[in-house]
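Structure, as structure tokens:
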Amino acid sequence: MKQNDITIRLEQQADHSAVEHLVREAFWNVYRPGCSEHYVLHVLRDDPAFVPELDFVMEQDGALIGQNMFMRTVIEADDGRTIPVLTMGPIGITPERKRQGYGKKLLDCSLEQAAAMGFGAVLFEGNIDFYGKSGFAYAREFGIRYHDLPEGGGRLLLPL
Ligand SMILES: CC(C)(COP(=O)(O)OP(=O)(O)OC[C@H]1O[C@@H](n2cnc3c(N)ncnc32)[C@H](O)[C@@H]1OP(=O)(O)O)[C@@H](O)C(=O)NCCC(=O)NCCS
């Protein structure tokens, strides 16, 4: 996807270390002293649940400014059904470009692609102030609880 000076494309192997650097910068000291999201992302790429078709980077004038990725997961329904869905993240925008609308652009474009691939929903823990702008609501509103976590908190869901 190309829009003005922004390009959103799939991550390539050659991007890996630059993307990990970007994620470390984006998350550093945001949720705790330091961060581990760049290492999490490094490990998740080799997980069988990783979805390479939904592993995006965002570029501005040829420079990497954002990334987002998805993993396959399931909802276990009370009637015994197993429903395939997605979980998402880390998503990060380089510190000097935060809060300028790039994260929402990247998120919305990624979600469109996920819907086009036929996934029914995306679930994860996040900040409703950001994700709510893209249509996410609390998972509990859909009667969904997260395995081994108490009900409530910032667990979010978006039906696609
Ligand atoms: C979270 C993140 C991806 C958002 O990207 P961004 O480019 O900064 O956000 P945007 O400018 O696109 O914001 C879109 C909307 O969400 C709101 N928003 C964004 N981040 C927010 C935050 N941390 N808290 C509250 N509202 C937020 C903005 O106010 C904006 O609303 P507006 O359009 O009405 O002004 C980015 O700030 C980031 O990389 N943060 C550090 C890593 C992180 O927390 N990742 C998410 C983990 S769940």
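The values are calculated or read from the model by the stated rules, or taken from the named source; none is laboratory data. Computed from a predicted model, the values in this text were never measured in an experiment. Cβ coordinates were reconstructed from backbone atoms using ideal geometry, including for glycine residues, and neighbour counts include every protein chain displayed. Side chains are part of the model used for accessible areas, which takes the heavy atoms of the whole protein and leaves out ligands, DNA and RNA. Shrake-Rupley method; radii C 1.70, N 1.55, O 1.52, S 1.80 Å.
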Q: Quick one: among LEU22, LEU149, LEU106, which has the greatest mean-square fluctuation in a GNM of the chain with alpha-carbon springs under 10 angstrom?
A: LEU149
Q. If r is the Cβ-Cβ distance from PHE142 to ASP5 and R0 is 41 Å, what FRET efficiency results, to the nearest 0.05?
A. 0.65
**Q.** Zero-based 5 Å bins, Cα pair distances in segment 95-160, whole percents
**A.** 4, 17, 25, 21, 17, 11, 5, 1
Q. How much area per residue is accessible in segment 2-159 when the probe is 1.4 Å and only protein heavy atoms are counted (Å²)?
A. 56
**Q.** Label zone at LEU149 (point 7 Å along Cα-to-Cβ), backbone N below 12 Å, segment 121-135
**A.** 123-128
Q. Using the C-alpha gyration tensor of segment 8-62, what are the square roots of 5 times its eigenvalues, in whole angstrom, with the largest one first?
A. 20, 16, 9
Q. Using a 1.4 Å probe, how large is the accessible area of THR7, given in Å² and rounded to the nearest 10?
A. 30
Q. Counting only protein heavy atoms and using a 1.4 Å probe, what share of the accessible area of the chain belongs to carbon plus sulfur, as a whole percent?
A. 50
Q) Using 1/(1 + (r/R0)^6) with R0 = 22 angstrom and r between the beta carbons of GLN100 and TRP28, what's the FRET efficiency to the nearest 0.05? A) 0.75
(Q) Roughly how far apart, in whole Å, are the Cα centres of segment 24-46 and segment 48-91? (A) 16
Q: Take every DSSP beta bridge whose two residues both sit in segment 2-159, then give the antiparallel share in percent to the nearest 5.
A: 95
Q) Rounded to the nearest 20 Debye, what is the dipole magnitude of the chain about its Cα centre when Lys and Arg each give +1 and Asp and Glu each give -1 at the C-beta? A) 360
Q. If the viscosity is 1.002 mPa s and the temperature 20 °C, what translational diffusion coefficient in µm²/s does Stokes-Einstein give for the chain when Rh comes from Kirkwood over Cα pairs?
A. 131
Q) On full extension of the chain, what length is gained from HIS42 through THR87, given 0.36 nm per residue of separation minus the C-alpha to C-alpha distance? A) 14.6 nm
Q.
Mean-square fluctuation check for the chain, GNM, Cα pairs under 10 Å: which of SER134, SER17, SER110 is largest?
A. SER17
Q: Kindly provide the helix-only [θ] at 222 nm of the chain, computed as the sum of -39,500 (n - 2.57) over DSSP H runs of four or more divided by all residues, to the nearest 500 deg cm²/dmol?
A: -7000 deg cm²/dmol
